[in-house]
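Following: one structure in structure tokens, then a few remarks.
We did not get these values from a lab; they are worked out from the coordinates using the rules stated. Quick caveat: nothing in here was measured; it's all calculated off a predicted structure. Note that each Cβ is placed from the backbone with ideal geometry, even for glycine, and that neighbours are counted across all protein chains shown.
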Amino acid sequence: MKIVVPVKRVVDYNVKVRVKPDQTGVDLANVKMSMNPFCEIAVEEAIRLKEKGIATEIVVVSVGPAQAQETIRTALAMGADRGILVQTDETVEPLAVAKILKAIAEEEAPQIVLLGKQAIDDDANQTGQMLAALLDWPQGTFASEVAVDGDKINVTREIDGGLQTVALELPAVVTSDLRLNEPRYASLPNIMKAKRKPIDTKAPGDYGVEIAPRLNVLKVTEPSKREAGIKVESVEELVSKLKDEAGVI
Ligand code: AMP
């Protein structure tokens, strides 16, 4: 069984992002970039399926600039087998990523495309769902547990107030939630080994996909600063403030 894992290079989750002075976006100059955390979880799950003898090959795909190769190398050092870098310096929106992934899924014929549920830069939470629709494959999103059972995969999903398990026929699209697993750190020998694993470099045009943005970002602003709270001396004072100042009772 082959698994394709799309991985996105994003601003590291520890970085406090700054909005550009002209409000056109977030400042990426000299900012640490890393693999999107949900993609790391997806890579880890694919590796665990390989370790269990269920998967035989893991192909990681990243759509992004030349530096996204480092993100692919990280996944290869964790245990993936080979990579495909679809190189572009343009902004690629989820629909265009999904179209590229569709073409790759048709070429590679995996049984599972295992994505992160969301990329923490734009928080879109769209690519997996769009990919499933384009391929007309079943989808199991927000997976907190996956179990392959013959030609089916059971995906346990985190939903409001509980868990839901769906059975999907393979091939299928699955997206990982936070509690699916804890990704491993790559060991030094595996980092060295990953340097020799193959990465194919392609362009969006190789898949016939037009990536021009369809959305126009009007402006990006910082969240408003929270004002400090106040302490009241008595219940009477609290009630009077809620009534006369806040007007909520
Ligand atoms: P999003 O829909 O942008 O929140 O992203 C959800 C998931 O889609 C990510 O966790 C990745 O698995 C995949 N994805 C999104 N953008 C890219 C990209 N540029 N390259 C590779 N995978 C991506």
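Ranking Leu218, Ile249, Gly205 by Cα position along the charge dipole of the stretch 202-249, where only Lys, Arg, Asp and Glu carry charges on their C-beta atoms, puts Gly205 farthest toward the positive end.
The Rg/Rh ratio for the stretch 145-217 is 1.10, where Rg is the radius of gyration of the alpha carbons and Rh is the Kirkwood radius.
Packing around the peptides 100-113, 24-37, taken as the average count of other Cβ atoms within 10 Å per residue, puts them in this order, highest first: 100-113, 24-37. Give, as a single signed number, the net charge of other residues whose beta carbon lies under 13 Å from the beta carbon of Pro110, with Lys and Arg counted +1 and Asp and Glu -1. Net charge around Pro110: -1. With 30 Å as the limit, the listed pairs Lys2/Lys99; Lys20/Lys231; Lys20/Lys197 have Lys20/Lys231; Lys20/Lys197 beyond it between alpha carbons. Residues in the stretch 17-30 carry Karplus couplings, in order, of 6, 10, 7, 5, x, 8, 6, 8, x, 9, 6, 9, 5, 6 Hz; the curve used is 6.51 cos²θ - 1.76 cosθ + 1.60 with θ = phi - 60°, and Gly or Pro positions show x. Antiparallel beta bridges, as assigned by DSSP with both residues in the stretch 2-246, represent about 40 percent of the total such bridges. Look at the dipole of the stretch 28-150 built from charges on Cβ: of Val86, Ile47, Thr127, the Cα furthest out on the positive end belongs to Ile47. Once you list every other residue whose beta carbon is under 9 Å from the beta carbon of Pro198, what net charge do they have if Lys and Arg are +1 and Asp and Glu are -1? Residues near Pro198 contribute +1 overall. Relative contact order of the chain, taken over Cα pairs closer than 8 Å and 6 or more residues apart, is 23 percent.
The tail of the calculated P(r) for the stretch 1-88, taken as Cα-Cα distances beyond 18 Å, holds 47 percent of the pairs.
Close amide H partners of Asp200, meaning residues 5 or more places away or on another chain with modelled amide H under 5 Å apart, are Gly83, Ile84, Leu85. For the stretch 119-145, list residues with backbone N below 16 Å from a point placed 7 Å from the Cα of Ile159 toward its Cβ? Flagged as within label range: 139-145. Rounded to the nearest 10 degrees, the angle from helix 94-108 to the longest Cα principal axis of the chain is 20 degrees.
Treating each Cα of the stretch 176-249 as an identical point scatterer and summing with the Debye formula, the log10 of I(q)/I(0) at q = 0.14, 0.21 Å⁻¹ comes to -0.91, -1.01.
Hydrodynamic estimate: the Kirkwood radius of the stretch 2-246 over Cα pairs, inserted into Stokes-Einstein at 25 °C and 0.890 mPa s, corresponds to D of 125 µm²/s.
Secondary-structure-derived ellipticity at 222 nm for the chain, considering helices only, amounts to -7500 deg cm²/dmol, per-run term -39500 (n - 2.57) for DSSP H runs with n ≥ 4.
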